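S.K.: Structure incoming, see below.
Read the figures in this text as sums done on the coordinates, not as results from a lab. As the structure is a prediction and not an experimental result, all values here were calculated from the model. Cβ sites come from the backbone with ideal geometry, for glycine too, and all protein chains shown count toward neighbours.
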Amino acid sequence: MKHFLVWSPVTVSGEEVKYSVEFQGEYERDYANDSWIPVGECSNISNTQCDITEDISATVPYNVRVRAAVGTQVSCWATLNQFFNRVTTSLIPPTLTVKADGNHLLVELEQLGPAFEFWIIFWKKGRDHEVYHTVKRDSSSTIHLDTMEPGAEYCVTAQTFVEAINRSSNFSQVQCVRAADGKAMLVTFAPLFLVIFIVAVLVLPLAAWKTCKICQYSCCPEEGLPDTLKLTESPTWMLNYREEETEKCDDSVQVLSPEELLLHFWINEPL
């Protein structure tokens, strides 16, 4: 919905020609004494076209005029032969690109701005009675339409629609693409599947063993006995050694009478 006023250039030898554009809407003709409003971006310009989209934003008849100037000399105004109403804008079919990415049906649409809607129709070839349609506003990215059956051919067409003027274009030329065959996809991805299988066979058992070891050391760590608790000799020998010491102690025990005990203390008492 971009609208441009385009005019033929005026040629003056050795001079630069400037142009100015003005517009007149229904209000200016009927209620403002047939006045004209300058287009600010298109005053005293050297280009031979002017974007008047913002100035003719209402759905009413507009008139537009342009004149040339060289220094202080100006030409007469050149005016449209008839009023222009944006509702009479003819919309052309959108440019689209249909692709098959594996088994995904994709479409790319040209960017026409926020005023446009895209009505997309697609179907599987051979099943023309099963037609699917979708409406998209944003055409800045690739649109995923459907998941295709392997080896099947799908067709797509689209048209534009502008709600502001309640007009739509004709449908674009039908484009068809075929999905990759299932066997071809299997042959293509077979090496990848083989690599994944080998990696799984070699890596997964090792990873499982390593995980078990980590869990074992984390939850049930092995702790060694202190050196003082370790047995350096045979337990049987130590028991026999202890019995011999006990017997020796028993043999050295003597029983003394009270008189002998007193005599023993008197002899050993220090002088």
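S.K.: At q = 0.11, 0.16, 0.21 Å⁻¹, what log₁₀ I(q)/I(0) does the stretch 74-179 have when each alpha carbon counts as one equal point scatterer in the Debye sum?
M.R.: The Cα Debye sum returns log10 ratios of -0.42, -0.72, -1.07.
S.K.: What does the charge add up to near Ala100, with Lys and Arg as +1, Asp and Glu as -1, over the other residues with Cβ less than 13 Å from its Cβ? Please list the in-between numbers first.
M.R.: Details: positive: Lys99, Lys124, Lys125, Arg178; negative: Asp101, Glu108, Asp146, Glu149, Glu153, Asp181.
Net local charge, Ala100 excluded: -2.
S.K.: How do Val17, Val6, Val156 line up, fewest other C-beta atoms within 10 Å first? Write down the numbers at each step before the final one.
M.R.: Working: Val17 15, Val6 9, Val156 24.
Result, fewest neighbours first: Val6, Val17, Val156.
S.K.: Same structure, new question: Take the Cα of Asp146, step 7 Å along the line toward its Cβ, and report every residue of the stretch 114-128 whose backbone nitrogen sits under 12 Å from that point.
M.R.: Once the point is set 7 Å along Cα→Cβ of Asp146, 121-128 turn out to lie under 12 Å by backbone N, inside the stretch 114-128.
S.K.: Order by neighbour count: His144, His3, fewest other Cβ atoms within 10 Å first, most last.
M.R.: Numbers: His144 11, His3 17.
Going from sparsest to densest Cβ surroundings: His144, His3.
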